[in-house]
Amino acid sequence: METLLSHLRAAAEPTRLRVLALCAKTELTVSELMRILGQSQPRVSRHLRLLVEAGLLERFQEGSWVFHRAARDGDGARLLAHLAELMPAADPVLVRDAEQLAEIKRERAAAAADYFSANAAGWDRLRAMHVDEAEVESLILSILPDDGIGDLLDVGTGTGRMLELTAPRIGHGIGIDASRDMLAVARANLDAAATAHCQVRQGDMYQMALPNNAFDAAIIHQVLHFADDPARAITETARVLRSGGLLMVVDFAPHDLEELRDAHEHRRLGFADDEIGGWFAQAGIETRRIAHLDGKPLTVTLWVGIKPHWGDDDEAGANWVWLSDVQDAVH
């Protein structure tokens with residue numbers, strides 16, 4: 001009773017109800033909320049602090065920015081689900097807040113588009129060197145179960161494309177990336193795709209601020225060739241997977257295009273199957289499938305593995321029975 005009353009006391013204030021309605025739609029900074037609510041920074045921060053302390057909002061920092069979003073777990077999340085049903089959609093104040101939020105999302109999208117345009121030429125040249133991305137994405141979706149998965153982690157999320165692609169198949173998705181510019185692009189893309197169950201945050205793939213055994217699946221898509229220590233990134237990703245969880249790495253097979261080091265900051269010119277397989281084994285991941293998609297001159301490879309259940313290897317991958325143990329060559 002006391003927990004419920006504390007949640008209700010925190011929510012039972014007009015401004016805080018407005019904040020909850022807004023944060024249920026997207027992640028917002030203090031400055032964005034100040035703009036929508038028309039209130040000073042100290043007042044907005046006080047409201048946010050009370051909502052975070054009550055377990056109704058989650059707070060996370062990204063450089064000098066602090067984001068807030070609706071709680072996803074616990075009693076607070078359950079109460080928010082009920083409050084969302086009771087919110088009067090036609091209320092004039094909530095309607096104005098929604099209009100202000102839509103304007104902020106449009107500005108995010110414009111800024112993201114400007115950043116993407118400034119870098120798109122290089123990405124377009126790179127994409128022309130390998131198989132059509134639609135073919136890669138089709139194979140990724142074919143590997144994920146039709147009945148969906150719970151929690152998915154996208155390591156090095158970039159533009160958020162993997163979250164956008166897998167959103168219909170997952171209960172919740174988190175993408176991490178070290179670049180704030182790319183996170184701005186990802187947020188704009190996820191807003192446009194109306195994927196409220198997916199969020200992104202700034203993070204280090206070598207030391208993620210995430211608990212052990214928190215995700216049912218993880219994707220590392222076209223990231224490892226930028227990494228100083230790919231093996232460490234795989235090990236850290238394996239740490240946050242639950243037993244029986246799936247790890248999918250998508251990257252290039254070995255090649256000799258030295259120009260990619262200079263033009264695109266690639267540290268590694270692709271990876272051999274036994275190299276990724278060795279890193280999987282070191283991280284406690286069993287390789288279950290390897291698929292090559294031949295391109296000219298770059299071949300894209302998918303390496304898929306399972307984190308075994310402790311003490312019961314036969315059970316490992318029970319939820320991923322469609323993964324064959326054979327190596328594919330997809331043309």
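The table below lists the values:
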item	result
The chain, relative contact order in percent, only Cα pairs under 8 angstrom and at least six apart counted	12
The chain: angle of helix 133-143 to the longest principal axis, Cα-based, in degrees nearest 10	80
Cα-Cα separations in region 9-70 greater than 16 Å, expressed as whole percent	34
Cβ-placed point charges (K, R +1; D, E -1), dipole of region 2-87 about Cα centre in debye, nearest 20	280
Max mean-square fluctuation residue, GNM over the chain, Cα-Cα springs under 10 Å, options 142, 243, 31	142
The chain: calculated mean residue ellipticity at 222 nm from DSSP helix runs of at least 4, using -39500 (n - 2.57)	-13500 deg cm²/dmol
On Cα atoms only, tilt of 273-282 relative to the major axis of the chain in degrees	50
Shape parameters for region 161-259, alpha-carbon atoms, Rg then Dmax in Å	14.0, 41
C-alpha long axis of helix 2-11 to longest principal axis of the chain, angle in °	80
Residue order, fewest to most surrounding Cβ atoms within 10 angstrom, among 135, 27	135, 27
For region 54-110 and region 245-303, distance of Cα centres in Å	39
Reachable lysines from residue 25, criterion Cα separation under 16 angstrom, eight or more residues apart if same chain	105
Vicinal HN-Hα couplings computed from phi for region 232-245 (Karplus, 6.51 cos²θ - 1.76 cosθ + 1.60; Hz; Gly/Pro x)	5, 5, 5, 4, 5, 5, 4, 4, 8, 7, 6, 4, x, x
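Every number in this text was worked out from the coordinates using simple rules, so none of it is lab data. Given the structure is predicted, the values throughout are model-derived calculations rather than measurements. Please note: Cβ atoms are built from the backbone with ideal geometry, for glycine as well, and neighbour counts cover all protein chains shown.
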